[in-house]
Amino acid sequence: MTRVLVANRGEIAVRVVRACRRLGFEVVVAVSAADRDSLAARLADRAVCIGPADPGRSYLRPELLAQAAVSVGADVVHPGYGFCSEKPELGELLAEEGIAFAGPRPETLRAVGDKSSARREAIAADVPVSPAEDVADLAAAHAAADRIGYPALLKAVHGGGGRGIHLVREPADLDRTFDLAAAEARAGFGDGALYLERYYADARHVEVQVFGDGEGGVLVAGDRDCSVQRRHQKVLEEAPAPGLSPATRALLHDSAARLARHLRYTGAGTVEFLVDDSAGADPATVVFLEVNGRIQVEHPVTEELFGIDLVAAQLLLAAGLPTGLPESLPEPHGHVVECRVTAEDAWVGFRPSPGRITAVVWPAGPGIRVDTHTTDGYLFPPFYDSLLGKLVVRAHDRTAALDAMAAALGNARVDGIATTLDFLDWLVAQPDVRRGGVTTQWLDRVWPEVAGARTAVGAA
Amino acid sequence: MSRDNGPTSGTTQQVCWEDVLELVTRLDGSGFADAEITLDGVTVRVSRTALPTAPGAPTPAPAAPVAPAADPAPAAAPAAAAPAAVGPVAAVPAPADTSHLVEVTAPMLGVAYLRPAPDAAPFVAVGDTVQADTTVAVLEVMKLMTNVSAGVAGRVAEVCVVEGSMVEHGAVLLRVEPA
């Protein structure tokens, strides 16, 4: 009997427990003190409390999760997303104990873990990346900028985590920021080396789902468009990405497959790209962004489009069993949309709104899937991410899917706390969203005005 | 004992007046000086030695806090009186009132060790005096050892874990009678 430890919380912990049930695996959930009574804990065979509510002393600690796996006799650990899912240390600790990690090898996570290293891997796999040049001094920076074009990003070669990045819109910006950026890079990363990279200010975020067998075999499970973002947080995802030409789609899929093969990638992963189709070229400009070495929040979109179970496949692969995935997937039919419902008040700057959920009602019906950990009476804790549920709707085409999503949102109800349901109502009705193909800047440009107008009306 | 006294006591967990009567009868015929039984939220305390209002106790109130509310009264004596009053049945684990004891809990999940080395004497034993910074146990997390201190000065009243067992965050390792 295979025993799985779930090293995560919230809706994804429930998702993994359900996959274990589907497979007939035993399942234990590692919980913090705040999650002892969580839905995942109740659905599992057992829960073990690893630490206090503070994620820094529980879910973010690879050694606690590994110890829990050893102590409960787990064969496989599923890390979910976030927390320790992309920390190579967890896989390493587990490997020493002969426990399988349902994710990529530690060296793969290291290779794609920071952007500059991931970029090197992408170049090695002949995947298109944004034009960039190392710049030793200000004069070199000006020369490089003339070739690359403005706007550009001045970055620390040894940087990571989104730090040490300066936007330069014109030559004067370079004069102003070059010395500062070099000093920051020296202070923050121990090396003042900088490079200049082309910045795509207004592009779409399109990603490709891959599943690798760890030996170079890779299944491409289509693409997703995740361009509707609020401050780099995805809000609405859909598959397939609307309006891509066959040539653009082939470029995306082939690039992702090449990179996954090059990495001999293990399990579920996502290769993210920026797509700039504003110039009307075919294929559109495609630029590698990063690799996410984990199951992603938006994986249900792909599962529903193709009728596959990516989480079960991860668990089966880790357990050394056939994944249940086909060798290749047929052209998808229909369209799938996902909305992330969060415990936030969109009208006051998406202020977090934890608290007691008195009652929760989700829609049901053909093509509707809800991944959530909320129940009537659930105390939504303030310590973690605000995601409370994912509403996923499938229909025969994109228009029908958005119509169905609008209806599904209208029939969802979460009492007791503020949620983004009403914001999502607004979102799926927007002509730009209906048309498809908005860029990642779109929501941040449009929403403040809408929220401000309503606040003004409310105040009057 | 509730298992063999009829259909009312099975899995329905409903304690009725007949159950209480039978309980009292049985206890009366036994050698117990004091007994306190809790069944699904209903607490019945019977005592030959203390002064509690015995007839009041059987009230099958579903709200558990009702019975403990009597504790601050002189009725709190039974636990203390029991060991002195009855020799032969001292082995009965009377649910002693531990509310005055301070629990020393595991700060994280780990494997609990009560001695510094397998052949060494335990860090502490029942009856030992501890200071707040006295090491009372060690937690192993993936071969890394973390000392657990008592956190309170007093006397060790109870050791609650088995050497080498996994403990979860918050598990009670021992109880200390504060000084």
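One line per residue, one yes/no per condition, for (1) part of a helix (DSSP H, G or I); (2) over 15 Å from A:Val297 (Cβ atoms):
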position	(1), (2)
A:Arg224	no, no
A:Val235	no, no
A:Glu238	no, no
A:Leu244	no, yes
A:Leu251	yes, yes
A:Asp254	yes, yes
A:Leu274	no, yes
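Within segment A:50-63, the set of residues being buried (at least 17 other Cβ atoms within 10 Å of the Cβ), in a helix (DSSP H, G or I) and away from every other protein chain (no Cβ under 11 Å) comprises just one member, A:Pro55. Per the listing A:Ala260, A:Ala268, A:Ala256, the residue uniquely among the aliphatic types (A, V, I, L, M), touching a His at 6+ places or on another chain (Cβ under 8 Å) and either under 22 Å from A:Gly389 (Cα atoms) or crowded, with 21+ Cβ neighbours inside 10 Å (or both) is A:Ala268.
Filtering segment A:213-231 to residues that are free of Cβ contacts under 8 Å to residues at least 60 places away in the same chain and either surrounded by fewer than 23 Cβ atoms within 10 Å (Cβ to Cβ) or polar (S, T, N, Q) (or both) leaves A:Glu215, A:Gly216, A:Gly217, A:Val218.
Checking the condition at negative phi, within 11 Å of chain B (Cβ to nearest Cβ) and not in a strand (DSSP E or B), which residue from A:Ala47, A:Ala68, A:Ala40 passes?
On the way: A:Ala47 fails: not in a strand (DSSP E or B); A:Ala40 fails: within 11 Å of chain B (Cβ to nearest Cβ).
So the residue among A:Ala47, A:Ala68, A:Ala40 that is at negative phi, within 11 Å of chain B (Cβ to nearest Cβ) and not in a strand (DSSP E or B) is A:Ala68.
Taken over segment A:380-414, the residue count meeting the criterion of being outside any helix (DSSP H, G or I), surrounded by 15 or more Cβ atoms within 10 Å (Cβ to Cβ) and either assigned by the TED database to the domain that holds A:Leu60 or not polar (S, T, N, Q) (or both) is 16. Would you confirm whether or not segment A:112-124 contains a residue that is more than 30 Å from A:Arg198 (Cα to Cα), touching a Gly at 6+ places or on another chain (Cβ under 7 Å) and not assigned by the TED database to the domain that holds A:Ala312? No, because not a single residue in segment A:112-124 is more than 30 Å from A:Arg198 (Cα to Cα), touching a Gly at 6+ places or on another chain (Cβ under 7 Å) and not assigned by the TED database to the domain that holds A:Ala312. For the residues A:Asp415, A:Asp403, the requirement of being of a type outside the set (A, V, I, L, M, F, W, C), farther than 27 Å from A:His205 by Cβ and more than 23 Å from the chain's Cα centre (by Cα) singles out A:Asp415.
Of the residues examined, A:Val4 is not one that is modelled with pLDDT of 95 or more and part of a helix (DSSP H, G or I).
The residues of segment A:109-150 that are in contact with a helix residue (DSSP H, G or I) (Cβ under 7 Å, 6 or more places away or on another chain), under 28 Å from A:Asp254 (Cβ atoms) and part of a helix (DSSP H, G or I), listed by number, are A:Leu109, A:Arg110, A:Ala111, A:Val112, A:Ser117, A:Ala118, A:Glu121, A:Ala122, A:Ala124. For the criterion of being out of contact with any Lys or Arg (no Cβ under 7 Å at 6 or more places or on another chain), more than 14 Å from chain A (Cβ to nearest Cβ) and in contact (Cβ under 8 Å) with a residue 12 or more places away in the chain, B:Ser165 fails. Those strands (runs of 3 or more DSSP E) of segment B:61-179 in which at least 3 residues are modelled with pLDDT of 95 or more, of a type in the set (A, V, I, L, M, F, W, C) and out of contact with any Asp or Glu (no Cβ under 9 Å at 6 or more places or on another chain), considering only elements entirely within it, cover B:135-141. In the set (1) farther than 22 Å from A:Ser32 by Cβ; (2) within 13 Å of chain A (Cβ to nearest Cβ); (3) among the polar types (S, T, N, Q), B:Gln131 fails one condition alone, (2).
The values are calculated or read from the model by the stated rules, or taken from the named source; none is laboratory data. Quantities reported herein were computed from a predicted structural model and do not represent experimental measurements. Using ideal geometry, Cβ is built from the backbone for each residue, glycine included, and neighbour counts are taken over all protein chains shown.
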